[in-house]
Number of protein chains: 6
Amino acid sequence: MTYNDAIRRLPTRINGLDQVALGGLPEGRSTLVTGTTGTGKTLFAIEFLARGIQHLDQPGVFVNFEERPEDVRRNAASLSFPIEQWERDRHWAFVDATADAEDGGEVIVGNYDFGGLASRIEHAVRGIGAVRVSLDSLGAVFSRFPNSAVVRQELHRIAHVLNRIGVTSVITAERTSEYNGVSRYDVEEFVLDNVIILRNVLADERRRRTVEIVKFRGTTHRTGEWLFTIDPKHGIVVMPLAFLTPLAVASRTR
Amino acid sequence: MTYNDAIRRLPTRINGLDQVALGGLPEGRSTLVTGTTGTGKTLFAIEFLARGIQHLDQPGVFVNFEERPEDVRRNAASLSFPIEQWERDRHWAFVDATADAEDGGEVIVGNYDFGGLASRIEHAVRGIGAVRVSLDSLGAVFSRFPNSAVVRQELHRIAHVLNRIGVTSVITAERTSEYNGVSRYDVEEFVLDNVIILRNVLADERRRRTVEIVKFRGTTHRTGEWLFTIDPKHGIVVMPLAFLTPLAVASRTR
Amino acid sequence: MTYNDAIRRLPTRINGLDQVALGGLPEGRSTLVTGTTGTGKTLFAIEFLARGIQHLDQPGVFVNFEERPEDVRRNAASLSFPIEQWERDRHWAFVDATADAEDGGEVIVGNYDFGGLASRIEHAVRGIGAVRVSLDSLGAVFSRFPNSAVVRQELHRIAHVLNRIGVTSVITAERTSEYNGVSRYDVEEFVLDNVIILRNVLADERRRRTVEIVKFRGTTHRTGEWLFTIDPKHGIVVMPLAFLTPLAVASRTR
Amino acid sequence: MTYNDAIRRLPTRINGLDQVALGGLPEGRSTLVTGTTGTGKTLFAIEFLARGIQHLDQPGVFVNFEERPEDVRRNAASLSFPIEQWERDRHWAFVDATADAEDGGEVIVGNYDFGGLASRIEHAVRGIGAVRVSLDSLGAVFSRFPNSAVVRQELHRIAHVLNRIGVTSVITAERTSEYNGVSRYDVEEFVLDNVIILRNVLADERRRRTVEIVKFRGTTHRTGEWLFTIDPKHGIVVMPLAFLTPLAVASRTR
Amino acid sequence: MTYNDAIRRLPTRINGLDQVALGGLPEGRSTLVTGTTGTGKTLFAIEFLARGIQHLDQPGVFVNFEERPEDVRRNAASLSFPIEQWERDRHWAFVDATADAEDGGEVIVGNYDFGGLASRIEHAVRGIGAVRVSLDSLGAVFSRFPNSAVVRQELHRIAHVLNRIGVTSVITAERTSEYNGVSRYDVEEFVLDNVIILRNVLADERRRRTVEIVKFRGTTHRTGEWLFTIDPKHGIVVMPLAFLTPLAVASRTR
Amino acid sequence: MTYNDAIRRLPTRINGLDQVALGGLPEGRSTLVTGTTGTGKTLFAIEFLARGIQHLDQPGVFVNFEERPEDVRRNAASLSFPIEQWERDRHWAFVDATADAEDGGEVIVGNYDFGGLASRIEHAVRGIGAVRVSLDSLGAVFSRFPNSAVVRQELHRIAHVLNRIGVTSVITAERTSEYNGVSRYDVEEFVLDNVIILRNVLADERRRRTVEIVKFRGTTHRTGEWLFTIDPKHGIVVMPLAFLTPLAVASRTR
Ligand SMILES: Nc1ncnc2c1ncn2[C@@H]1O[C@H](COP(=O)(O)OP(=O)(O)OP(=O)(O)O)[C@@H](O)[C@H]1O
Ligand SMILES: Nc1ncnc2c1ncn2[C@@H]1O[C@H](COP(=O)(O)OP(=O)(O)OP(=O)(O)O)[C@@H](O)[C@H]1O
Ligand SMILES: Nc1ncnc2c1ncn2[C@@H]1O[C@H](COP(=O)(O)OP(=O)(O)OP(=O)(O)O)[C@@H](O)[C@H]1O
Ligand SMILES: Nc1ncnc2c1ncn2[C@@H]1O[C@H](COP(=O)(O)OP(=O)(O)OP(=O)(O)O)[C@@H](O)[C@H]1O
Ligand SMILES: Nc1ncnc2c1ncn2[C@@H]1O[C@H](COP(=O)(O)OP(=O)(O)OP(=O)(O)O)[C@@H](O)[C@H]1O
Ligand SMILES: Nc1ncnc2c1ncn2[C@@H]1O[C@H](COP(=O)(O)OP(=O)(O)OP(=O)(O)O)[C@@H](O)[C@H]1O
Ligand SMILES: [Mg+2]
Ligand SMILES: [Mg+2]
Ligand SMILES: [Mg+2]
Ligand SMILES: [Mg+2]
Ligand SMILES: [Mg+2]
Ligand SMILES: [Mg+2]
């Protein structure tokens, strides 16, 4: 390790995001993406893989905890991401981490085998030579844990495994308020190296979407909230820098 | 599955709603409709079926957890929906999921058999060839579960069954505040694919009703709050688009 | 049941209220009246019966959970309601549901026999041919239940019995804040068909009383808050419609 | 009981209070006086008895739960109330309900014998022919109860006994915020017939004392907040009505 | 006891404080001094003793629960209080009530022997003929108690012992918010006779220190917040009365 | 100990900080540095050691609880701190207090052996003659404790050991809100002698970093919030005093 061995970036190629992130996400590390419902967490997780495949030939593994592969495929289809095709071409692989909801039995609190999941992720990554991994969304799994101390430890465990495997990953998690804290259990953000918040703020009966990089450990990034839209054609589109002047003060009277 | 296999819409035919929803509710999926008391959740659930019957010849199944069939029939009568007639014509079927309130025994926490209910819903759907299903309202059932992790899992289970059966459904749930969060347990909105909030905001001693689509997974919709009224003749009436300018800023000073 | 079999109204004959309620309370159903302390819930419950006796010859049953019959009689006397006289004339009957406070033993949580109470109410209703029933106030009873799921179920049970007996009823319940939620346990309002809130708002060191109909299931009503006073002579007096312009905006700066 | 048998008033003779109370406190009933620390609850309880002795020759019993008789005597001395003299003259009697704090043993939750206390109060009342009773303050006792349902029941029991004995009483209780709710457990105000709040509001670094009658069941009173001071000579002095214009709006911007 | 046997004052001789307190702290009683971290509670407790020694030849006992004697000595040294010298001259004595933190064993909740502590305090007071006692800070001890009912009872016990011994005392306790309530457990202020709050308010990125006397039972005092500074030379300095005009309104907009 | 034996300062040599701290951190004591995620706690802990090595030849020990040594090394590399080189030169030593996350077993609540850790820290300090110690961050450890009373006691224990060893230390801890309280458990700040808060406030979509010294027990410091930036070249840079005028009022409207 030498002194110029600082944090390298993996360009996400999500429209406009890399300019805010000053190059991309920290390479080889995990980034937590939190947001209330419908803020675009799953879309972010999908596009993180899709843009890597489309522009950089980087295969990706999608670990789905809440929505099933067929749902993800269909949702992605609306943005013209040919996920099935990519699966056939071994650019994309699913690791299905949903429990079998209908037939599945009791909720066994705490009974979630991350050891087994880790092996499956590692196997999938090796199988297609994946560079990127998305985990969407940990909310369902965390809700089985008895308290936030366990959430904390298990999240550590996941991040550690991903780091050891050598991939750059996006982990989505839930929050329930736009105004307080960062994540549901108030611990997730302290465990992971990097944190991005997606917001969907209701102001004057209008919704406005913003993205903010809250921290990148050991390196720099732009701060503050940046406007973005979800476009049926281009997906997430962070407003080009040239347009990015401070948002109107009036819109933040609260 | 091909690339243009995106999310199709089922027109609700509720007055003005489909324009905001850009065509209707996502077909084959469940939409969560939340609201505080009296915001019109039950009316939404009824009209979702009634408009399908009236305009598109689509039979519907109404699963009632809180109000009994005779109450629903009578409440619907005020809007001239001839539910009894429709039941005789096999356009409408009730699945009565209320416990027997008066004679019924103890509250057995967690003791709600969704397996049995699923069969009854499936049976009713097959029986009349239903295209639409409304479940109103899950609040009473959820209150029997010991914690939000179980709410989460059971809601998953319900949504999964409805999806497998192939119907488009509306599921109503409760919230207790107009200002914080989306639903009572703060997990319902993460489980379902689509979320609509009905609001009844008290401002300057006046009530104003609004509807907002919070998310449609994998597809687009109009954002923000849209005014609507409940008309004794026409039921829910979302204001025509031409009138839909941003609501006055002054009305949202809080 | 025919299509014009909508919700009929029972005029309360409380001064000015029926104009806001567009005719009266939904007949044959229960209406929840909530308010913080001293907002006039008990007065509402008393007047609901008294006005029926005075103006429409409708006998009424008063189920008292917190204040004893002699207290209710005395409080009513200040408004010149001759309750004892009415009791003798079989226009008014008490069902005393207070526990024996002084000599009474332990608080047995959950140990409240609603089955027995239901019979006593039914017996009293039959006895004088009652058309109206007031229950004031459920707060004391609910506080014995272990959690809000039980409150929910028991309230369902009560409403169901009253509905079966065929009376129109008013049920009062407590709330502790003028600004958040509707009722103490946040579930009462979802169980009952109709909800009215009485408020006593402190603004600029002055108190102002308002009444608001939050919902009437299956039918229409005026919305928003309406000013009323409690007059030593006329009891509750909702301001006549002609005076009812929107309340000053300045008074709601919070 | 006849129709003009409404609620009679017992003049407190506390300076200026009876004008706001429209004659005095409801006779033969209990009035809850709540306030944050130092708002003057104990002073109110003392003066209620002292003014009765000084001006109306009405003996009084003081039940002390928190401060010991010698402390009450000394605090009263600063206002020139000769309590010891009154005790000798059988105008004033203490019922000491403090537990023996220093030597006393464990805190036994729920273990407070109100039956025994009731007898002691009754005995003291009979002994000097007391017309007034003050209980100050129930906060310490309530803190021994396991939950608010027990607080509710026990407060009922106390009020019932006092009512049966035939005295007019003042019961003080604690609150911890000037802005939310009425009392510490949010149930005390629903149990008692009459509620008065003493406030000590910090505005612009200045404290201002106000008194508000929140409810008098079955009778009328002035509403809103009224300024008062605590004068080293005259004790509580509510501002004379002539000066009582609405308090400045600017002082309530919060 | 005679009528002019009102509450006497013990001048603190803390700069400027006695003018606000109208002479000093109530003699022979305990005064609760609460504040968030760093507001000057410990300094107040130290100066209360130091000024007594310096100006009135009154010995004092310092009961330390959190900071050890050597820390108190060193912190006091910065203000030129020669505590070691005073200890040698028998003007100052420590009662060390810290548990042995490093080697000490388990946290035994509830297991704090106040009986033993009381004897040690009494012994120290007798030993040097102490007139003043400071206890700093009860926060650590209280955190061992299972609930606020025990905090309440134990604080009563302490105050009672100090009162019996005949000393005037200062007891410091913690609060965690400048805006809500008075103390951590919301009961401390109701137990003690006198309450002072120290505040350290952040306004416009600046900190401002204020002191407020919230109550002195049975006697008078100035009300409202008074500015003070902590001066490296003179310690606590409350602004001289001549300068004490109402603080700027603008600084309290929240 | 003599009277001029006041609190000495250890210059941190972090850019601009010592001017605000009036010389540096209190020598031989522990300073708590709290902040929400990404505020720069770890950077502060690293720079505290790095600046000591670079400018004052003072070796330092870094106790890492959350991020592993290799992560700290890499994050530090971005600021050109040659930690590996310093380790080889015995200027820097790690005490790795992370549990083995991946293979590690169950979360044993309360099962954290601070005795063992204390020995390891002492050994490392002796080994390189360390003058400074950083502990980053206690959040993960605290989450294993059953309640805040244990957090309190264990933090006492740590501070005591560090004090006995004779080092000056920085201990980082988490907070989850910029607006309420000081630390996660609301007790940490009362245990330690010195407290610094790092803030990252979102105002008008912009982030602004500030540092505030909340308390230095027994000595003086500048008060209020001071702007700082995190510069890719110079790390933490508190704005030079000349520029430090009060921050704009408008930026703190909330
Ligand atoms: N080399 C650098 N150049 C510029 N900024 C940097 C650099 N290193 C770190 N930062 C900034 O510092 C922030 C993180 O700092 P740090 O890791 O110390 O925070 P923290 O308070 O320890 O967070 P956590 O609580 O999550 O551990 C980054 O988000 C980044 O904004
Ligand atoms: N093809 C599309 N065109 C336009 N908007 C879309 C499209 N796909 C998704 N969206 C928008 O993105 C929102 C949902 O995004 P997404 O599912 O990523 O949110 P999420 O944060 O994962 O929500 P949840 O927490 O519920 O899983 C939709 O509500 C819709 O507004
Ligand atoms: N026929 C009608 N004409 C006018 N307004 C009506 C009519 N029917 C219902 N409403 C309005 O709709 C409101 C109730 O709607 P609905 O029962 O659907 O609410 P909800 O959200 O289901 O409430 P809850 O949570 O209590 O079940 C009524 O309070 C009334 O204001
Ligand atoms: N005869 C009357 N004349 C004038 N005002 C009256 C009269 N009777 C009652 N009031 C007013 O009504 C208030 C109390 O009304 P009521 O007892 O109905 O309230 P409530 O909501 O039932 O209170 P609680 O929750 O404590 O039972 C009194 O405080 C008083 O202000
Ligand atoms: N003789 C007096 N002269 C002037 N003011 C007095 C006098 N006696 C009391 N006060 C004022 O009254 C306040 C305390 O009143 P009191 O003890 O009745 O309050 P309280 O509400 O009972 O408080 P707690 O809840 O702590 O028991 C004192 O703080 C003081 O400001
Ligand atoms: N000699 C001094 N010169 C100037 N200021 C001082 C001096 N000593 C203390 N201070 C100020 O007083 C503050 C701490 O006071 P103190 O220790 O009494 O607070 P506290 O309320 O006891 O805090 P805690 O709750 O953490 O024990 C310091 O942060 C400092 O600002
Ligand atoms: Mg998602
Ligand atoms: Mg409904
Ligand atoms: Mg009542
Ligand atoms: Mg008192
Ligand atoms: Mg201190
Ligand atoms: Mg860190």
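At a glance:
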{"quantity": "Search result, residues across region C:1-58 that are under 13 Å from the mean Cα position of the chain (by Cα), in a helix (DSSP H, G or I) and within 14 Å of chain D (Cβ to nearest Cβ)", "calculated": "C:K41, C:T42, C:L43, C:F44, C:A45, C:I46, C:E47, C:A50"}
{"quantity": "Where a residue in region F:42-63 is under 16 Å from F:V237 (Cα atoms) and its partner, wherever it lies, is away from ligand 7 (no atom under 16 Å from the Cβ) and part of a helix (DSSP H, G or I), with Cβ under 6 Å and at least six apart", "calculated": "F:I46/F:A76"}
{"quantity": "Residues that are assigned to a helix (DSSP H, G or I) and in contact with a helix residue (DSSP H, G or I) (Cβ under 8 Å, 6 or more places away or on another chain), drawn from region D:157-177", "calculated": "D:R157, D:I158, D:A159, D:V161, D:L162, D:I165"}
{"quantity": "Any hit, region F:183-191, residues being modelled with pLDDT under 95, within 27 Å of A:I197 (Cβ to Cβ) and surrounded by fewer than 17 Cβ atoms within 10 Å (Cβ to Cβ)", "calculated": "no"}
{"quantity": "Some residue of region F:209-229 being assigned to a loop (DSSP other than H, G, I, E, B), in contact with a helix residue (DSSP H, G or I) (Cβ under 8 Å, 6 or more places away or on another chain), without any contact (Cβ under 8 Å) to a residue 40 or more places away in the chain and more than 16 Å from ligand 2 (Cβ to nearest atom)", "calculated": "no"}
{"quantity": "Qualifying residues in region E:68-92 (those that are under 22 Å from F:E189 (Cβ atoms) and free of Cβ contacts under 8 Å to residues at least 24 places away in the same chain) - the one surrounded by the most Cβ atoms within 10 Å (Cβ to Cβ)", "calculated": "E:R74"}
{"quantity": "Search result, residues across region C:170-200 that are of a type in the set (S, T, N, Q), over 22 Å from C:R222 (Cα atoms) and free of Cβ contacts under 8 Å to residues at least 60 places away in the same chain", "calculated": "none"}
{"quantity": "Boolean, A:V95 is buried (at least 17 other Cβ atoms within 10 Å of the Cβ), under 16 Å from the mean Cα position of the chain (by Cα), more than 16 Å from ligand 2 (Cβ to nearest atom) and at pLDDT 95 or above", "calculated": "yes"}
{"quantity": "Candidate set from region B:199-208 (those that are part of a strand (DSSP E or B) and either farther than 9 Å from C:G224 by Cα or touching a strand residue (DSSP E or B) at 6+ places or on another chain (Cβ under 9 Å) (or both)); member that is nearest to ligand 9 (Cβ to nearest atom)", "calculated": "B:L202"}
{"quantity": "Filter pass, C:N180 being assigned to a loop (DSSP other than H, G, I, E, B) and closer than 15 Å to C:T34 by Cβ", "calculated": "yes"}
{"quantity": "Verdict on F:L198 being hydrophobic (A, V, I, L, M, F, W, C) and modelled with pLDDT of 95 or more", "calculated": "yes"}
{"quantity": "Selection within region F:123-137 - touching a residue at least 60 places away in the same chain (Cβ under 8 Å) and either of a type in the set (K, R) or within 16 Å of ligand 6 (Cβ to nearest atom) (or both)", "calculated": "F:R132"}
{"quantity": "Residue in region E:174-208 that is nearest to ligand 2 (Cβ to nearest atom), counting only those that are of a type in the set (V, I, T) and closer than 17 Å to D:R206 by Cα", "calculated": "E:V201"}
{"quantity": "The lone exception for C:F65 - which of (1) crowded, with 24+ Cβ neighbours inside 10 Å; (2) at pLDDT below 95 it fails", "calculated": "(1)"}
{"quantity": "Options D:T168, D:T210, D:T219, D:T172; residue that is closer than 19 Å to C:S137 by Cα, among the polar types (S, T, N, Q) and buried (at least 17 other Cβ atoms within 10 Å of the Cβ)", "calculated": "D:T219"}
{"quantity": "Residue list for region D:47-59, restricted to those being touching a Ser or Thr at 6+ places or on another chain (Cβ under 7 Å) and buried (at least 24 other Cβ atoms within 10 Å of the Cβ)", "calculated": "D:F48, D:L49"}
{"quantity": "Residues that are within 17 Å of A:L43 (Cβ to Cβ), of a type in the set (D, E, K, R) and more than 7 Å from every other protein chain (Cβ to nearest Cβ), drawn from region A:182-215", "calculated": "A:R199, A:R208, A:R209, A:E212"}
{"quantity": "Candidate set: region E:80-96, residues that are among the aliphatic types (A, V, I, L, M) and within 18 Å of E:L56 (Cβ to Cβ); chosen: the one nearest to the other protein chains (Cβ to nearest Cβ)", "calculated": "E:I83"}
{"quantity": "Every pair of residues 6+ apart whose Cβ atoms lie under 7 Å, when the first sits in region A:141-169 and is within 26 Å of B:H156 (Cα to Cα) while the second is assigned to a helix (DSSP H, G or I) and small (G, A, S)", "calculated": "A:S143/B:S148; A:S143/B:A149; A:R144/B:A149; A:R152/F:A140"}
{"quantity": "Members of region B:222-233 found to be within 11 Å of chain A (Cβ to nearest Cβ) and either of a type outside the set (A, V, I, L, M, F, W, C) or crowded, with 17+ Cβ neighbours inside 10 Å (or both), listed by number", "calculated": "B:R222, B:T223, B:G224, B:E225, B:W226"}
{"quantity": "Check on D:N147, within 16 Å of ligand 4 (Cβ to nearest atom) and facing chain C (nearest Cβ under 9 Å)", "calculated": "no"}
{"quantity": "Only one of C:P26, C:P69, C:P59 that is within 26 Å of D:V214 (Cα to Cα) and not basic (K, R)", "calculated": "C:P69"}
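Here is a yes/no grid of residues against (1) surrounded by fewer than 20 Cβ atoms within 10 Å (Cβ to Cβ); (2) part of a helix (DSSP H, G or I):
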position: E:G116; (1), (2): yes, yes
position: E:I121; (1), (2): no, yes
position: E:S134; (1), (2): no, no
position: E:P146; (1), (2): yes, no
position: E:R152; (1), (2): no, yes
position: E:L155; (1), (2): no, yes
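The values are calculated or read from the model by the stated rules, or taken from the named source; none is laboratory data. A quick note: this is a predicted structure, and the numbers were derived from the prediction, not measured. When we count neighbours, we look across all protein chains shown, and the Cβ atoms used for this are built from the backbone with ideal geometry, even at glycine.
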